[in-house]
Each structure stands twice: as structure tokens, then as C-alpha cells.
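Heads up, the thing below is written out as C-alpha cells.
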Amino acid sequence: MPEGDTVYRHAAQLREALAGRVLESTDFRVPRYATVDLSGHTVDEVISRGKHLIIRVGDTTIQSHLKMEGLWHTYTSTGQQAPRWRRPAHTARCVLTTAETQAVGFSLGELRVLTREQEDDLLSGLGPDLLGPDWNHDEARRRMLEEPQRSIGVALLDQRNLAGVGNVFRSEICFLARLSPLTPVAEVPDLDRIIELSHRLLTVNKLRPRRATTGDAVSSINYWVYGRAKKTCLRCGTRIQRSELGEEELRERAIEDRSIYVCSHCQPAWIPA
Ligand SMILES: [Zn+2]
């Protein structure tokens, strides 16, 4: 599932394909932007901010969010012949073509064409970006503690606290910290460690083609608990449990899947004092 690391990788790939190049044609396959035409304009830069992918073209920003299924592919243009896509054409939402390359966004969860001002408004709602050049641990901590009674499993997903963690990483972070995701933020014994873990896990995975949190410890299995319901905990042998944890309205509404995976032995239930 796409999280901050996936979006970072997509941005790097799109930057390579598009930055500094003139768009020969653009095709937005969503009704609202069907008439937008950015051909003749140069792509200035491509960046990721949390789980948002931002393509800046002059005064315009193409913003996309991968949500559950989205992805971008880049192709080399070969003369007159259109490149053969590796995904069905009917799932394409945005096609950006230069003389040398073509970038296609498939099954994007969100696609918007914004002014730079609208982009600023959108991004100003995000907390510190775990993979951004301006990552700020203390600010993330301060934001998390603004709602001290919220469970850590929910606080980690709220992109206003820190941007980039999704459903996979929150389960893995809580497991590695041996913490029940239901623990209120204020009761987390070492919140700094949780934030450091988040930063480290996303950083080590940002350029890996296949995400893994288990590292060399268990190289054939990518995750300690995520997606492993009813399988045994790699550490203690207890069966992993799947449940749901989320809030109806996290501001960004980026949580379609609220599954959370826990080892009840390694992560003892939080009991109010
Ligand atoms: Zn365990």
C-alpha cells in the first residue's frame, strides 16, 4: 500500500522523466480537468510531501494522491509510436508527454490541478514531512501531544502530526516499540522513540523497491505484523490479531483501510491507571 516512502520513490522517478522538459501534450482523464491543457509549458519540479505527489508546471501544480491502488509509470517515447502501457488504458487518469518521455498516472485516488496558492493551502495543513528536507522531530512531537488522549495508532496516521506514515507503517512502528496502538499519546513511555522509528523506517525504505521493516532479521518476510493475521509472531509465536482502528473523520480522509495488526504478547493491552 502506498505510503510516504512509495510517494517519495514515485517523485524521484517522475523528476527524472519530466523535470526541465517541455510538455508536448497533457491529458487529464477526469471530467473536472478534461479541458486543461499544459502543453508547451516546462515541468519545473516534482516533489513529494507526505503522501502527496506534486508536479509543478509554471504557475500550475498537478497534485495527486495514490490512496490504495494508484501509481505512476514512466515510459520512453520512441518516435511516432506511442509507448505500450503496463496498465489498462481505462485506468489512466493523467498522461504527460514530452519529446522523450511519457508519464502516466493510473488509478489515482486523487488528482487535482491547482494554482500555486491552492497548493500552498493544501500543504500547509500537513505536519513535518518524514522524508522532507525540513523534517522536524520536535514539531511532530508537539503536534502529537496537542491531543494527548488520542490513541497512538490514530495519531501516527494523522498527516497533520507527521506526514508520510500509512497503515502498514503504523502497525510496524507500534510492534517495534512493543506498544499497544490503543495507548493514548500522553501515556506512551517514549514518544521520541516512536517518532525516531517512524523517521528511520521511512528513510531506509524510501529507495527500496520492496518495502521491508524486518530488515536482515527475517529477510523472507517483509513485515512483523502487517497483513499477518492468524500467522504467528516472528518474535514470540503468538497469533497475530487484526482489528480496526481509525477515526471517522481524519481531516485528510486518507484512511480507506483501518486494519491494524497486533501481537497481544509483544504489545500488551494498555490498561488505564
Ligand atoms: Zn509477539
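Scan region 117-124 and tell me whether some residue there is in a helix (DSSP H, G or I) and closer than 11 Å to G50 by Cβ. Yes, because at least one residue in region 117-124 is in a helix (DSSP H, G or I) and closer than 11 Å to G50 by Cβ. Of all residues in region 37-49, those that are of a type in the set (K, R) have Cβ atoms under 8 Å from Cβ atoms of residues that are open to solvent by less than 70 Å² (accessible area, probe 1.4 Å), 6 or more apart or on another chain, in R49/L123; R49/L126; R49/D129; R49/G132; R49/A163. Only a single criterion out of (1) within 28 Å of D121 (Cβ to Cβ); (2) among the hydrophobic types (A, V, I, L, M, F, W, C); (3) modelled with pLDDT of 95 or more is not satisfied by L157, namely (3). Restricting attention to region 88-112, the residues that are part of a loop (DSSP other than H, G, I, E, B) and either out of contact with any helix residue (DSSP H, G or I) (no Cβ under 6 Å at 6 or more places or on another chain) or crowded, with 19+ Cβ neighbours inside 10 Å (or both) total 6.
The rows are residues; the columns are (1) surrounded by 16 or more Cβ atoms within 10 Å (Cβ to Cβ); (2) among the aliphatic types (A, V, I, L, M).
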| residue | (1), (2) |
| --- | --- |
| F28 | yes, no |
| V43 | yes, yes |
| Q80 | no, no |
| R86 | no, no |
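Residues in region 50-87 that are in a strand (DSSP E or B) and without any contact (Cβ under 8 Å) to a residue 12 or more places away in the chain: T78, Q81. Checked against (1) within 14 Å of the ligand (Cβ to nearest atom); (2) surrounded by 14 or more Cβ atoms within 10 Å (Cβ to Cβ); (3) not polar (S, T, N, Q), K230 passes all but a single condition, namely (2). Taking region 141-173 as the region of interest, how many residues are in a loop (DSSP other than H, G, I, E, B) and not polar (S, T, N, Q)? The number of residues fulfilling the criteria is 13.
Of everything in region 233-247 that is more than 9 Å from the ligand (Cβ to nearest atom) and part of a loop (DSSP other than H, G, I, E, B), the residue that is surrounded by the most Cβ atoms within 10 Å (Cβ to Cβ) is L245. When you scan region 171-191, do you find a residue that is open to solvent by 40 Å² or more (accessible area, probe 1.4 Å) and within 30 Å of V43 (Cα to Cα), even just one? Looking through region 171-191, none of the residues is open to solvent by 40 Å² or more (accessible area, probe 1.4 Å) and within 30 Å of V43 (Cα to Cα). Inside region 189-215, residues that are over 18 Å from the mean Cα position of the chain (by Cα) and within 26 Å of Q13 (Cβ to Cβ) make up a count of 2. Scanning region 190-210 turns up at least one residue that is under 20 Å from E3 (Cβ atoms), acidic (D, E) and either within 14 Å of the ligand (Cβ to nearest atom) or at pLDDT 95 or above (or both). When we screen L114, L131 for residues that are assigned by TED's automatic domain parsing to the domain that holds V57 and of a type outside the set (K, R), the only hit is L114.
The values are calculated or read from the model by the stated rules, or taken from the named source; none is laboratory data. From a predicted model like this one, the values you see are computed outputs, not experimental measurements. Reconstructed Cβ throughout: ideal geometry from the backbone, glycine too, with neighbour counts over all protein chains shown. Protein only, heavy atoms only, side chains kept; ligands, DNA and RNA dropped before computing areas. Shrake-Rupley method; radii C 1.70, N 1.55, O 1.52, S 1.80 Å.
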